[in-house]
Every structure is written in structure tokens, then in C-alpha cells.
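One structure is given here, and the rest of the page talks about it.
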């Protein structure tokens, strides 16, 4: 066969020689879970479960707080309707947070990462049970259940609505009875909403870390909404580097749960010291004590809140301040301490609170039989009601009456008072 010259080969587009060849791209390195996360396989009767374990010394700093559970739990137990909480040792609590394949829940959503922490001896032991592949779920759940077994209470943040129902579904999908039936459940979301409702517009765990615990996360963190997609990518390419921020995020959630529980318990044990930096927090804490029936403490907290510099300098929202005035006045009224109640109603009346005007009219009519003064307070209530912006000066924080119904009642009261006045003449 005749040879073909290099010139002709080049003309046909054929590469001749190796001098112009580009090296083949290097194959991207895929790091394994063991390399990236320092985890290990844990043998279970259901197979191998991948576990990342970390031991944190008791008292480790977390913002301006410490990782410990030393505060008395008696008031916290009353607030949660779990009176026996006070008798549980720190080792009885499991702090739980999950990362999932979706945020909507349902039988198709997996808990691919279960983060759980316990106080054991002089350490806080954090164990993160990872779903290496969906087929490993029985082993993951079994390993988690073993870690949970010694505990008597679970602490979560929105766990009653999300984490626990989802885990219950996963256990049931495997044909197992969920292990949560006999455990107390402390969902700190609901308590946090009550405690900081007046000051913080956002009571997410991340915001509470910053605003309450003064704890900042590092750049290793990732927003929660990105986590499901990172796990999906890991399942596709096996690159465990994608999971480092996910494990960090989960770890911080679990640690913050433990610190926040102790912080709240401490606050409730000494509310003036714990919430005293903010008048609005004192009012929220007072409402909590009122709800559990500790009226004396509630009244004392309302009093301190109304004397707080935040109240004096108008740094407490008007509706929050009126709520405190109204509640404290009613406490005094129920105790037949009308002298104290009148002082508070007069404060609220200055703030153009309709309910205070009505209460003062009732007081002067029924307690002092001072009909002229009762008529004056009823007139002032009607004038307040007729102002264009009355809807922003509600009759009462819990009033369910329409403006028309309120006016009808005031007119009825005024007519009765006028008749009484005429009769006296």
C-alpha cells in the first residue's frame, strides 16, 4: 500500500505526532465519608449504620452560655405541664434534630441524618446517624434507637410538628413500633415563641442563637433549605465533601437545643435576672407565670416591667404595654385591691385604652357610687370610640366585640347612669 504523507494526513484532519496533543483531564477525586467526616460503620442486627460521633466537654462555651444542664427544671416543667420534669437527671434528656430529603414530610421523605446528643458523665456526646444509601435505613434507625433507649425525654425545636412525626413514619415504614410513646417531649419552639414574642419578630432556632445565646456559626454552615439538594447530589456522585456543611449545621442545631433548654430553665427560675434586660421580655415571662397560676410572681413581673426603663422611654410596643397594664389591673381587681387597680387603669387611660375608661366608669359607679365621675369616664370612652383611628386603640387585647356592640353597651351604661343621677336629685 502506498504511504500517505504527513501533509496529506494533516489536510484530512488527522493529528500527526504528539507535540500538539493536550493531556487528558485528570479524574476528579471523590473523597469518601470516612475521609471527610471521620465517621465509622456501626454494626447493627439490621446491617451497617454510618455514624459520626463527637465528645464535647461539659461546660464548653456556646456564645455567652455553656453546654450544660444545671438550672432547676421545676418551673419549666409547670410551663410544659410536665411536673415530673424537675426530677429527671441531665442524662435523661435526648436533644434531637433531623435533616431530611424534603421539607414537606410524608412517607416519601427520608431522615437522611439524625443528630442526637446526650449528657453522659462529664461530656456531651453527639451522635449523627447518616443514611449512606436509602437501603441502609433499617440499620440507621436501629442504631438511633439504641442511643435513645436510656432517655426519658426528647428535646426538639418544632419537633412535634416535623421531626417526630417524620421519624414515626420511617419506623412504621420498616414495620417497627416507633420508640417515642413513653417519652416526654419538650418542643422549645412553642416556649420560645411565648418568651420572646414581644421582642423578636423571628423565633427560629438560628435567630435565637444570635439574639438570645449570642452564638455565631462559622462559614462552614449552610442554609437549611439547601440541605435536601446537597444530599441528592451526594447520592448521584458520592462526593462526601458536599456533606460537611450539612453535618456542621446539624451539630450546631443539636448543641443549641441543649444550651437553649438550660438558658430557658435558668430564666424561669430567676425571671427578673434572666429577662430583666428587656421590659418586653419581662411582660412575656409574666404572662407565662400567669398561665401556670402563679399570680403573685406574675404581678411582680408586670410591676417590674412597667417600671423598666424600656417602658419609661417608650421602647415597648404600645399594644404590649397595654396588655401588661390590663392584665396587672385585673389581677388587682380579682384580689379586691381597687386602689392599685385604679392607678393602673388611669395609666392605661392616658394611653387612650378604651377598656381602662370602661373599668374606671364601673369602679366609680359600683365601688364609690360616684355617679358624676362615672358619667365622665363613660363620656370619655364614647369620645375615644368615635375617633377615626379607634381600630388602632382596641377596646381590649382579647375583645371580640364589634365597634357597634361596644357603642351600644356604652350608650346603655350612660343612660343608666343618667337615670341614677336624676334619682339622686
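The values are calculated or read from the model by the stated rules, or taken from the named source; none is laboratory data. Just so we're clear, the structure is a prediction, and the values are computed from it rather than from any experiment. Cβ coordinates were reconstructed from backbone atoms using ideal geometry, including for glycine residues, and neighbour counts include every protein chain displayed.
Residue-by-condition table, conditions (1) more than 17 Å from the chain's Cα centre (by Cα); (2) over 30 Å from residue 298 (Cα atoms):
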site: 224; (1), (2): no, yes
site: 229; (1), (2): yes, yes
site: 234; (1), (2): yes, yes
site: 241; (1), (2): yes, yes
site: 244; (1), (2): yes, yes
site: 255; (1), (2): no, yes
site: 261; (1), (2): no, no
site: 270; (1), (2): yes, no
>> Take the residues in segment 50-60 that are in a strand (DSSP E or B) and either modelled with pLDDT under 95 or touching a helix residue (DSSP H, G or I) at 6+ places or on another chain (Cβ under 9 Å) (or both); name whichever of them is farthest from residue 117 (Cα to Cα).
In response: 50
> What is the one condition in (1) in contact with a strand residue (DSSP E or B) (Cβ under 6 Å, 6 or more places away or on another chain); (2) modelled with pLDDT of 95 or more; (3) in a loop (DSSP other than H, G, I, E, B) that residue 71 does not satisfy?
Replying inline: (1)
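Yes/no matrix, rows are residues, columns are (1) surrounded by fewer than 20 Cβ atoms within 10 Å (Cβ to Cβ); (2) more than 30 Å from residue 66 (Cβ to Cβ):
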{"position": "295", "(1), (2)": "yes, yes"}
{"position": "300", "(1), (2)": "yes, no"}
{"position": "311", "(1), (2)": "no, yes"}
{"position": "338", "(1), (2)": "yes, yes"}
>> Checking residue 2 against (1) out of contact with any strand residue (DSSP E or B) (no Cβ under 8 Å at 6 or more places or on another chain); (2) modelled with pLDDT of 95 or more; (3) exposed (fewer than 14 other Cβ atoms within 10 Å of the Cβ): exactly one of these is not met. Which one?
In response: (2)
> Counting residues that are over 26 Å from residue 132 (Cβ atoms), which helices (runs of 4 or more DSSP H) fully inside segment 185-237 reach at least 3?
Replying inline: 188-195, 205-211
> Residues that are in contact with a helix residue (DSSP H, G or I) (Cβ under 7 Å, 6 or more places away or on another chain) and under 16 Å from residue 275 (Cβ atoms): which helices (runs of 4 or more DSSP H) entirely in segment 290-384 hold 2 or more of them?
Replying inline: 295-307, 309-312, 318-334
